[in-house]
1. Within the chain, which cysteines find no other Cys whose Cβ is under 4.7 angstrom from their own?
2. With a cap of 14 neighbouring Cβ atoms within 10 Å, and only residues DSSP puts in a loop, list the chymotrypsin sites (Phe, Trp or Tyr not before Pro) found in the stretch 344-388.
3. With Cα extents along the principal axes in Å defined as stated, name the option among (i) 61, 56, 36; (ii) 60, 53, 47; (iii) 77, 70, 43 computed from the structure displayed.
4. Between ALA308 and THR142, how high is the FRET efficiency from 1/(1 + (r/R0)^6) when r is the Cβ-Cβ distance and R₀ = 35 Å? Nearest 0.05.
5. For the stretch 1-120, rounded, prolate or oblate, judged on the Cα gyration tensor with a ≥ b ≥ c (square roots of eigenvalues), a/c < 1.5 rounded, else prolate if a/b > b/c?
6. With runs of 4+ DSSP H residues as the only contributors, calculate the mean residue ellipticity of the chain at 222 nm using -39,500 (n - 2.57) per run, divided by the residue total and rounded to the nearest 500.
7. In the stretch 332-439, what trypsin sites (Lys or Arg not before Pro) fall in a loop by DSSP, with at most 16 other Cβ atoms inside 10 Å?
8. Starting from the Cα of LYS269, draw a straight line to each of the lysines and keep only those under 21 Å, dropping any in the same chain fewer than 8 residues away.
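The values are calculated or read from the model by the stated rules, or taken from the named source; none is laboratory data. Note that the coordinates shown come from a computational prediction; the quantities given were computed from them, not determined experimentally. Cβ coordinates were reconstructed from backbone atoms using ideal geometry, including for glycine residues, and neighbour counts include every protein chain displayed. Note: accessible area is taken over every heavy atom of the protein model, side chains too, but ligands, DNA and RNA are not part of it. Shrake-Rupley method; radii C 1.70, N 1.55, O 1.52, S 1.80 Å.
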Amino acid sequence: MTITFIRLNMFEQISSDAMKPLLFGIIKNLTPPEHVITFLDERVKRLPDTIDTDVIAFSVETFTAKRAYILARKYRTNNNRIVMGGFHASVMAGEMLRYADTVLIGDAEDTWGRFLADCQAGCPQRTYTSGEKLPLQKIADTPGVYRHGYYGIGVYQISRGCKFHCDFCSIKTMYRGVRRKSADIVLEELRRAREKIIFFVDDNLFYDRESAIRLFRAIAPLKKKWACQISIDAARDDALLAEMKKAGCFLVLIGFESLNEDSLAEMNKKANAVSDYEEVLCRLRRHRLLVYATFVLGCDGDHKDIFARTLSFAVRNKIAVTNFNPLIPMPGTRVYQRMEEEGRLLYRKWWLSDSYRYGDTAFMPKHMSPKELRDGCLHIRTQFYSPRCIIKRLFASPANFLPLHFFVFVMANLISRREIRRKQGQLLGGILHETDADQTQYRQT
């Protein structure tokens, strides 16, 4: 068979912040050699007008769902089969089946191969569900899969899932627990990596202290420079941070999420405590680690002053990169369920609406209007990435002038500034259709 595997973009435009798609390598390894597979990344190159292959596959997140459905209609013929998987499939498989012939629910390791075998046998099923029991396998070298440079950054994964249960997060909709590769497999993959800079895409690289230190000591001799996501409990541990730095870590992404303790409790963000945020950030600076901090704004405990407070905190604490996000009710999460039960959703399915725009509010906040939440997030994003603020933060810490740090700081800030201006207010995916009940808008925003 001939197969085209597509990585989707949220919009009909090229992105400047595209990371290397880890899934391409995974799918290539899982595809038997008798099949011819082509990988297309819509984030870095426009898709062709027509695709002539037996199977067209999409990996779908909620923000790219409408785009997947539009392209499925565009590329469907009487001679091909449309298959979809990804995070969105875990909670919206029924919705997907209106546009796809087959939906893969969960991991590709125990669904993709079965789907291809059934296609060859002429009896493909409508759905395939992962048992989530297979161990994570190494990804063999796959030359020719990645045709774009992706800034020379390698993307690797040590684990899937997260040990926490935050109410707004969609990770638990796909992964019930946490599975990890052995240190030996990680070492083998990193030794083969042609890139000198690595980003670990694990939702939380820190599972427990013992295994983390063992991993850091194992990869230190490789002399790679790397970034990762960790929970705040890891950032309280000086010895652990020292091991990370010695192993080559230069940046950590941490979800601080809120300066409001009530909002943290609402999110079920149990690891966080606002009282030690500044101490944690001082500790990270002492270890010369850049910080990418994320915040979620618009919880029921947040009032209009949360925007100015959060911006002041981020600048005062010399944070290198931030994401100030409005709370988004993702399907399958407890936040979505609660908003639906309370009648606070602004759209039946915001991800399918032709009225919803990137950056919009999808629910009715308690202490501000939807417009105030949208505009408040945009304002502090714009202020944080203004030229004046970028320069101020750059000169706030001597560590920013280490060679790699300087390059990452400047590039990350300039790209973020550009992407904010390009993405805000953009229609997700394009126009799907205007009459579908899924696009119902309950209230004007």
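1. Cysteines lacking a close Cβ partner in the chain: CYS119, CYS123, CYS162, CYS228, CYS249, CYS282, CYS299, CYS377, CYS389.
2. On the way: sites: TYR347, TRP350, TRP351, TYR356, TYR358, PHE363, PHE384, TYR385; in loops: TYR356, TYR358, TYR385.
Within the stretch 344-388, the qualifying chymotrypsin sites (Phe, Trp or Tyr not before Pro) (loop, at most 14 other Cβ atoms within 10 Å) are TYR358.
3. Computed from these coordinates, Cα extents along the principal axes in Å corresponds to label (i).
4. Step by step, r from the Cβ atoms, then E = 0.15.
5. Rounded, because the longest to shortest axis ratio a/c is under 1.5.
6. The per-residue figure over the chain is -10000 deg cm²/dmol.
7. On the way: sites: ARG334, ARG338, ARG344, ARG348, LYS349, ARG357, LYS366, LYS371, ARG374, ARG381, ARG388, LYS392, ARG393, ARG417, ARG418, ARG421, ARG422, LYS423; in loops: ARG344, ARG348, LYS349, LYS366.
Loop-located and lightly packed - ARG348, LYS366.
8. Partners within reach: LYS163, LYS172, LYS366.
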